[in-house]
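Every number here is computed from the coordinates shown, using simple stated rules; none is lab data. Fair warning: this is a prediction, and the values are worked out from it, not measured in the lab.
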Amino acid sequence: MPRQTQLSVGPLIAAIGAVLLIVSLFLDWYETYTAFTVFEFLDLLLVLLALATIFSLAGGMGLTRPAVSPGLSLAVAIFTVLVVLSQILNDPPAVVGPGPDKDIGIWLALSGSALMVAGAVLGYAHISLALETQPRERGDASRDRDV
């Protein structure tokens, strides 16, 4: 008898985005400055937002009991994108020099936060993949060993 399993893709995509966001904080955002070097508070805020997304959407995968609603997870993800975009548009005061070049970390942070939003939208819409598995018959296993 076939068994059907539901796999929520939204929480998985959001968790990948949150991990990318955390990794981006260790990379250069402005030429030779990492997020931890430049920011006093925003780096910790971004880490907390990423961890909150991972934890709240882990409930959507059934790993933990859902602590917050999917709507709140979506709001957190959108706020994260706005924080990253604000740093793309306005250089922080700790960065000296006329308009330093943006580096890989800030673009990875933008990508990760966008994935967080996409995953939260998919989680809010309850979109999932349906996997149907069928148990192998006894005759199939013995036939595979003979080959």
Subject >> Length gained when the stretch Glu132-Phe26 is fully extended (0.36 nm per residue, less Cα-Cα span) >> reply: 34.1 nm
**OP:** Tell me which residues come under 5 Å, amide H to amide H, from Thr34 once H is placed; ignore anything under 5 positions away on its chain.
**Re:** Trp29
**OP:** Output ³J(HN,Hα) for region 8-20: one whole-Hz value per residue in order, computed from phi by the Karplus curve 6.51 cos²θ - 1.76 cosθ + 1.60 with θ = phi - 60°, and x for Gly and Pro.
**Re:** 6, 8, x, x, 5, 5, 5, 5, 4, x, 5, 5, 4
Subject >> Hz values of 3J(HN,Hα) by residue in region 78-88 - Karplus curve (6.51, -1.76, 1.60), Gly and Pro given as x >> reply: 5, 4, 4, 4, 5, 5, 5, 4, 5, 7, 6
Subject >> Derived scalar couplings ³J(HN,Hα) [region 113-118; Karplus, 6.51 cos²θ - 1.76 cosθ + 1.60; whole Hz; x for Gly, Pro] >> reply: 5, 5, 5, 4, 5, 4
